[in-house]
Amino acid sequence: MIRFESQRVSLWYMRLALVLFCLQVTMGLWLSINYAFTLPQELVDVFAFSTARSIHTNVLVAWMLLGFMGGTYFILPLECDRDLYSTKIAWAQLIIFAGAAVTAVVGFLFRWTRGKPLLEIPFPLNILIVVAALLFITNVALTIMKSKERTALQWMLLGGVVSLALLYLFGIPFYQNLNTDYFYWWWVIHLWVEGSWEVVTAAIVAFIIMEVTGVDRKVVEKWLYVETALFLFTGIVGTGHHYYWIGAPDYWLWWGGVFSALEPLPIVLMVVDTWMHVRERKNPIINRLTWTYIIGLAIYHLVGAGLWGFMHTLPPINYYTHGSQITVSHGHLAFFGAYALLNLTIFYFAFPRAKNIRRYRDTAGQWGFWIMSISMFLLGLVFGIAGILQTYLERFLDIGYSTAHITMMFWFRIALIIGIIFLCGVLTTVWHLFTLKPLEEGTAE
Amino acid sequence: MTGKGARLIFWIGTLSSAAIFLWMTYDFHRQTPKYTKVDQLTSEVVAGKKVWHKYNCNDCHTILGFGGYYAPDMTKSFYRLGENNLVTIIRNPEVVYAKSFRKMPHLGVSEGEARQLVAFLKWTGTIDNRHWPPQDEKFVKAYQEREKRVHKLDIVDIAVGACGGCHSFENRGRNVAGDFNDIAKRITYDKGTLVRYILNPQSVRPGIAMPPQNVDRETAEEIADFILALKVHKEVRR
């Protein structure tokens, strides 16, 4: 069912992304062990929490970017009705990107790092990433230029990936002043997550919904414009909720507070939009799992990124919760809800088509989805409880940091158990995706 | 709504938000010297920031509330711990945290690097960030109080300033290693031993977790007098 031969390159992006996803979750388990138990000094000296955390977070960024790139390469030929401009460029880009990622992970083990959370990759590797990004943009742009028809979706996708690459540049220089350093750090982290990534998400979700439901393009594109407008309108100034306590002018409290309070709005719109399209679908349900993922994505996105984020970005609350495990709770739910589920939705859209499977056996996939979704939600709650405990003990009762953390050890043991269950869900899903089997026609679904 | 209307909303929304944001970025840069004491941003401080990055401190510790969430926030750590405690912890974490449930890796930071790092943390502590983190405010206030009365420092200020990173006295300092009142009750040292103990704890009690204190002999003697005075005071009162 692959219509263009060049779409196949995207599958290797997705396969690599899935492998990195497993590595990310394994590292996460190791991090929770650090919290839950006292490790011997010799082990801490060799493989410190910081090393494991840099792998956990960088691999997260890497697999999600690979997922976005793969998704774009799978969707773009369909949307442009022609092959990619160059499959060779796509391959070169994958090899450069993967090479940089693997070198980075190995480098972290030997403390080769820039020491900037989430942006630890040393300067030479950054250059490679930039080269890969430029190849990607060139390929996407030229594919769009050569297509017969121009659509809103193409522009949205191109705009998203261009801003993604541009914003990355702000994380590369060394800033002498710590507050300026963090000011621009958020240009990458926040404006990515709540800007460029959301634009790419909105475009990809719109495309998948259009393909799966058969709803009219005009209707989908109109929603896409309004959603993206709201994402950017609230998300850009919403960056301010990271500027409360870094030594920035006071008005950021207001602007950041108001705009980040509005941030759930576009996500609500996205849920409503998805729901309407699913209800007014013209195509019959073929694979139930794809639907589960689309609706799961919309709702989880709203809860994790929207509600959880809304709750602790109001300045009077944030004053106490900032820099606590509450942020960890929000981070996990938001990244899983918005982007992990998005990538998996793309994978479930692409893999069966690439393997020429119309209907697939989806029992393992269903188990994977529900195990992951429920255990991640519980994990968010456990981190939330730990965070509330921490906030109360540390910020209200004025108890020292370490003493407050002793009470959290219990909750991190629970987090470890839930994490193991989550890993089982991930492995089930990855195994299911790698070994999709067609469902014999005539068998009940 | 027409497709045209939707496009209009898109452009107006995005551009207005971007315009507000860019103007605020401009204003942020304009006001940064005021909020962050740029005049005190010396090459020593910048070198310290590079040390901070070199050892990837930020992936365990948070600073300004961002980072690893695994170890304490360092924004106001200079006020909380003071220079000597910071240097001791950075250079000998395996000694300081020998009995703690939480371990810090021994990173092999040199003495010079540790001093640069302290300069960076001292400067970071001066960032005017609306009194965040809240729990460190009391250390900032105590420090400023001591600064203001630098010529009239009493012995309590000296003792809490030097030892308050671990010991407490009448609700001041951090109670990690015991309150001076309790310690005074417990110990049997004479002044000479206590001074030796403060300067090099291992020479008096091998295996003890307390790090060697980087105070001069004179200060150590004053602190020893202070602690021993608590003992006498207690006994007389009883």
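At-a-glance table
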quantity	calculated
Selected residue (criterion: nearest to A:Leu289 (Cα to Cα)) from residues of the stretch A:229-247 that are of a type in the set (Phe, Trp, Tyr) and either in a loop (DSSP other than H, G, I, E, B) or at the interface with chain B (Cβ under 8 Å from one of its Cβ atoms) (or both)	A:Phe233
Selected residue (criterion: least open to solvent (accessible area, probe 1.4 Å)) from residues of the stretch A:171-183 that are part of a loop (DSSP other than H, G, I, E, B) and within 11 Å of another protein chain (Cβ to nearest Cβ)	A:Asn177
Matching residues, the stretch A:295-312, being out of contact with any Pro (no Cβ under 9 Å at 6 or more places or on another chain) and open to solvent by 10 Å² or more (accessible area, probe 1.4 Å)	A:Ile295, A:Gly296, A:Ile299, A:Tyr300, A:Val303, A:Trp308, A:Met311, A:His312
Which numbered condition A:Gly323 misses (of (1) touching a Ser or Thr at 6+ places or on another chain (Cβ under 8 Å); (2) within 11 Å of another protein chain (Cβ to nearest Cβ); (3) touching a residue at least 60 places away in the same chain (Cβ under 8 Å))	(3)
Flag for A:Thr290 being of a type outside the set (A, V, I, L, M), open to solvent by less than 40 Å² (accessible area, probe 1.4 Å) and more than 28 Å from A:Tyr73 (Cβ to Cβ)	no
Test: residue in the stretch B:133-150 that is part of a helix (DSSP H, G or I), of a type in the set (Val, Ile, Thr), more than 11 Å from every other protein chain (Cβ to nearest Cβ) and surrounded by fewer than 19 Cβ atoms within 10 Å (Cβ to Cβ)	yes
Unique residue being open to solvent by 30 Å² or more (accessible area, probe 1.4 Å), within 13 Å of chain B (Cβ to nearest Cβ), aromatic (Phe, Trp, Tyr) and in contact with a helix residue (DSSP H, G or I) (Cβ under 8 Å, 6 or more places away or on another chain) when the list is A:Trp275, A:Trp223, A:Trp252	A:Trp223
Test: residue in the stretch A:94-114 that is under 30 Å from A:Arg150 (Cβ atoms), at pLDDT 95 or above, open to solvent by less than 20 Å² (accessible area, probe 1.4 Å) and assigned to a helix (DSSP H, G or I)	yes
In the stretch B:19-45, the residues that are without any contact (Cβ under 8 Å) to a residue 12 or more places away in the chain and open to solvent by less than 30 Å² (accessible area, probe 1.4 Å)	B:Phe21, B:Met24, B:Thr25, B:Asp27, B:Phe28, B:Thr32
Count of residues meeting criterion [touching a residue at least 60 places away in the same chain (Cβ under 8 Å) and assigned to a helix (DSSP H, G or I)] in the stretch B:168-219	1
Positions within the stretch A:389-445 being assigned to a helix (DSSP H, G or I) and either touching a Cys at 6+ places or on another chain (Cβ under 9 Å) or charged (D, E, K, R) (or both), in sequence order	A:Glu394, A:Arg395, A:Arg413, A:Leu423, A:Val426, A:Leu427, A:Val430
Residue in the stretch A:383-392 that is more than 26 Å from A:Phe21 (Cα to Cα), surrounded by fewer than 19 Cβ atoms within 10 Å (Cβ to Cβ) and free of Cβ contacts under 8 Å to residues at least 12 places away in the same chain present	yes
Any hit, the stretch A:58-65, residues being polar (S, T, N, Q), open to solvent by 30 Å² or more (accessible area, probe 1.4 Å) and more than 10 Å from chain B (Cβ to nearest Cβ)	no
For B:Thr88: the one exception among (1) more than 19 Å from A:Gln41 (Cα to Cα); (2) of a type in the set (Ser, Thr, Tyr); (3) crowded, with 21+ Cβ neighbours inside 10 Å	(1)
Selection within the stretch A:255-272 - open to solvent by 70 Å² or more (accessible area, probe 1.4 Å) and more than 14 Å from chain B (Cβ to nearest Cβ)	none
A:Trp252 being touching a residue at least 12 places away in the same chain (Cβ under 8 Å), touching a Gly at 6+ places or on another chain (Cβ under 9 Å), farther than 24 Å from B:Trp11 by Cβ and in a helix (DSSP H, G or I)	yes
One residue from A:Val258, A:Val193, A:Val226 being within 21 Å of the chain's Cα centre (by Cα), part of a helix (DSSP H, G or I) and among the β-branched types (Val, Ile, Thr)	A:Val193
Index of the failed condition, A:Leu379 passing every other in (1) in a helix (DSSP H, G or I); (2) more than 25 Å from A:Phe68 (Cβ to Cβ)	(2)
Residue pairs meeting the criteria (Cβ under 9 Å; at least 6 apart or on separate chains; first of a type in the set (Ser, Thr, Tyr), in the stretch B:89-102; second crowded, with 19+ Cβ neighbours inside 10 Å and not in a loop (DSSP other than H, G, I, E, B))	B:Tyr97/B:Ile89
Every pair of residues 6+ apart whose Cβ atoms lie under 6 Å, when the first sits in the stretch A:187-211 and is under 15 Å from A:Gly71 (Cα atoms) while the second is aromatic (Phe, Trp, Tyr) and in a helix (DSSP H, G or I)	A:Glu198/A:Phe231; A:Val200/A:Phe68; A:Ile208/A:Phe349
Residues satisfying the stated conditions in the stretch A:18-51, i.e. at the interface with chain B (Cβ under 10 Å from one of its Cβ atoms) and touching a Leu at 6+ places or on another chain (Cβ under 7 Å)	A:Phe49, A:Thr51
Condition check for A:Asn356: at positive phi and either open to solvent by 40 Å² or more (accessible area, probe 1.4 Å) or modelled with pLDDT of 95 or more (or both)	yes
Single residue of the stretch A:207-220 satisfying the filter (within 14 Å of chain B (Cβ to nearest Cβ) and open to solvent by 10 Å² or more (accessible area, probe 1.4 Å)) that is farthest from A:Leu78 (Cα to Cα)	A:Val219
Matching residues, the stretch B:94-132, being part of a helix (DSSP H, G or I), surrounded by fewer than 22 Cβ atoms within 10 Å (Cβ to Cβ) and facing chain A (nearest Cβ under 9 Å)	B:Glu94
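The rows are residues; the columns are (1) within 22 Å of A:Pro264 (Cβ to Cβ); (2) not aromatic (Phe, Trp, Tyr).
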site	(1), (2)
A:Trp186	yes, no
A:Glu194	yes, yes
A:Ala202	yes, yes
A:Val215	no, yes
A:Glu221	no, yes
A:Phe231	yes, no
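Each row is one residue, and each column tells you yes or no for (1) within 20 Å of the chain's Cα centre (by Cα); (2) more than 14 Å from chain B (Cβ to nearest Cβ).
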residue: A:Ala90; (1), (2): no, yes
residue: A:Thr103; (1), (2): no, yes
residue: A:Leu109; (1), (2): no, no
residue: A:Trp112; (1), (2): no, no
residue: A:Leu158; (1), (2): yes, yes
residue: A:Leu166; (1), (2): yes, no
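The values are calculated or read from the model by the stated rules, or taken from the named source; none is laboratory data. Here the structure is a predicted model, which means the values were calculated and not measured. Note that we place each Cβ from the backbone using ideal geometry, even for glycine, and neighbour counts take in every protein chain shown. Quick note on the areas: whole protein, heavy atoms, side chains included, nothing else; ligands and nucleic acids left out. Shrake-Rupley method; radii C 1.70, N 1.55, O 1.52, S 1.80 Å.
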